[in-house]
Amino acid sequence: MNTRIAQVAQDFIEKYYGIFENSNELNLEDFESSLFEVSNKFCRDSIKLFIEMSNQIILEQKEVRRSERISVHKKEVGRELLTKFGMIEFNRSYFKTSEGYAYLADKVVGLESYDRVSANVSAELVDRAAKMSYQQSVEETVKGVLSRQTVMKKIRRTQGLEPRSSGLKKRIEILHVVADEGHVAMQSGKNRAVPLITVHEGIVPVSKGRNKCLNTVHFSDYGKSTSDLWNEVFCWLDEEYALNYVKRIYLHGDGANWIKSGLDVLPESRFVLDRYHLEKAVKSVTSGDNEEYRLPLRRAVKEFDLNGIENILKEILTAVQSENEAKKVLEIHKYIKNNWEGILIRRVEPGCGGSCTEAQISHVLAKRLSRNPLGWSEEGLKYMSRLRVFKVNGGRVTTKHLKKAQEDPKISDIKKTVEDKIKELFREAKDFSTFEAQKCSMGKVTPIRVLMTGINKGGFAF
């Protein structure tokens with residue numbers, strides 16, 4: 001096996017020198033392309049070597065296998081694996097165990113059964129899919145050699161995407177919590193509401209006509225109960241902030257019951273009716289023939305004049321031409337009365353700030369879930385809503401976010417033996433004097449010695 005380790009390193013060095021030797025005219029562009037190919041081949045060869053060495057060590061552990069009643073059923077069984085460096089093909093043995101048949105080398109190195117894609121490639125596919133379509137993710141990650149269904153399956157194996165607190169216990173007096181729903185088209189032809197809760201520390205101007213929320217963190221989990229979602233938000237707030245220092249938490253929203261239920265969970269909280277939804281209500285009741293009432297109704301709202309609002313709505317009610325229009329006026333009247341405290345708070349507590357519910361929905365959910373003519377399944381929407389929020393929160397999907405099959409405890413001893421043996425082999429292979437006799441020298445210094453000199457000195461001395 002030492003010879004194989006040396007051969008992989010030697011092959012890389014020879015090809016590296018070959019870039020210079022075989023080029024009549026060399027420039028940075030050509031060198032970069034050639035080096036990319038040479039490096040990728042070296043990485044593919046190294047991965048193949050690692051797996052096949054692991055398999056060989058297992059084969060050599062005859063006493064251990066005998067004690068565990070493990071025998072070789074078939075040798076040299078091929079498998080393909082798509083890695084970050086391209087497709088590799090390798091061989092390993094098929095073993096008979098007391099519990100059935102298994103490729104022990106696959107288990108030892110952490111390969112899932114029947115999976116043709118490495119964990120690192122899978123993580124990249126999922127990470128990109130949070131911002132783009134499945135097909136685009138495949139094109140950008142692996143140049144289209146996989147199917148969209150592969151990405152979908154990988155996403156449905158994600159875990160641990162919940163917002164993580166910094167644990168700083170920040171001392172902030174005023175916090176804002178924004179809650180709303182995004183509406184997503186389903187494969188059934190129906191729409192589903194996806195809740196979104198955003199926590200921030202206030203709104204500040206960035207440039208003319210453009211503001212931003214400070215230190216935003218988003219929460220969304222389609223299919224989770226409202227109470228569980230609010231409890232998740234509270235637990236995060238309790239870890240992130242010193243809640244005994246917080247004087248007020250303003251809960252912004254459109255007045256839906258699920259949003260107001262957050263008042264029972266968030267300490268020192270007051271509800272603020274979002275201006276966008278209030279204006280939407282004003283426009284809906286003053287459209288068409290009733291447009292003359294729009295400015296007076298807006299003025300009454302701005303002046304917090306509930307009697308004036310009710311008088312205007314009564315006038316509109318007497319002027320409507322249909323039962324549906326009358327019903328709409330009564331609904332708006334009820335909406336304003338039920339949320340009057342959320343309107344009046346802007347006069348009582350002017351520091352409650354502006355609302356940005358629709359902006360958050362557009363930026364976090366709609367941009368991926370509903371901008372294009374998509375149709376989601378229930379399960380697909382559940383996983384994508386989590387993934388999308390995780391990504392917008394600044395997260396990056398890694399292999400730790402992908403569920404793996406439970407490790408077979410019987411493999412642990414074999415795995416430890418393989419790891420120790422491979423480390424030992426590579427420590428021995430660092431002494432390349434054994435291989436200096438091979439005819440691969442170029443001038444007075446062999447490429448193997450050049451490689452090892454570079455490694456030992458912390459850089460390559462060419």
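Here GLU63 qualifies as of a type in the set (D, E, K, R), without any contact (Cβ under 8 Å) to a residue 60 or more places away in the chain and within 20 Å of SER98 (Cβ to Cβ). Looking only at residues in the range 189-209 that are over 14 Å from LEU251 (Cα atoms) and assigned to a loop (DSSP other than H, G, I, E, B), the one that is modelled with the lowest pLDDT is GLY209. In the range 252-291, the qualifying residues are those that are part of a loop (DSSP other than H, G, I, E, B) and polar (S, T, N, Q), and the one that is modelled with the highest pLDDT is THR286. Of the numbered conditions (1) over 24 Å from LEU278 (Cβ atoms); (2) in contact with a Cys (Cβ under 8 Å, 6 or more places away or on another chain), GLY202 satisfies every one except a single condition; which is it? Condition (1) is where GLY202 drops out. Selection of helices (runs of 4 or more DSSP H) fully inside the range 59-153 by the criterion of at least 1 residues being under 30 Å from ASN393 (Cβ atoms) returns 119-129, 134-142. Every test in (1) of a type outside the set (Ser, Thr, Tyr); (2) over 21 Å from GLU89 (Cβ atoms); (3) under 38 Å from the mean Cα position of the chain (by Cα) is passed by GLU60 save one, and that test is (3).
A search for C-beta distances below 8 Å between a residue of the range 324-337 that is assigned by TED's automatic domain parsing to the domain that holds VAL301 and any residue that is of a type in the set (Ser, Thr, Tyr) and surrounded by fewer than 19 Cβ atoms within 10 Å (Cβ to Cβ), counting only pairs 6+ apart in sequence or on different chains, returns LYS328/SER284; ILE332/SER284. Pairs linking a residue in the range 210-236 that is touching a residue at least 24 places away in the same chain (Cβ under 8 Å) and part of a strand (DSSP E or B) to a residue that is surrounded by 14 or more Cβ atoms within 10 Å (Cβ to Cβ) and charged (D, E, K, R), with Cβ atoms under 7 Å and 6 or more positions apart or on different chains, are PHE219/GLU232. In the range 21-43, the residues that are free of Cβ contacts under 8 Å to residues at least 12 places away in the same chain and surrounded by 10 or more Cβ atoms within 10 Å (Cβ to Cβ) reach residues that are part of a helix (DSSP H, G or I) and of a type in the set (Phe, Trp, Tyr) with C-beta atoms within less than 7 angstrom, at least six apart or across chains, in these pairs: LEU26/PHE20.
The values are calculated or read from the model by the stated rules, or taken from the named source; none is laboratory data. As the structure is a prediction and not an experimental result, all values here were calculated from the model. Virtual Cβ from ideal backbone geometry, glycine too; neighbours counted across all protein chains shown.
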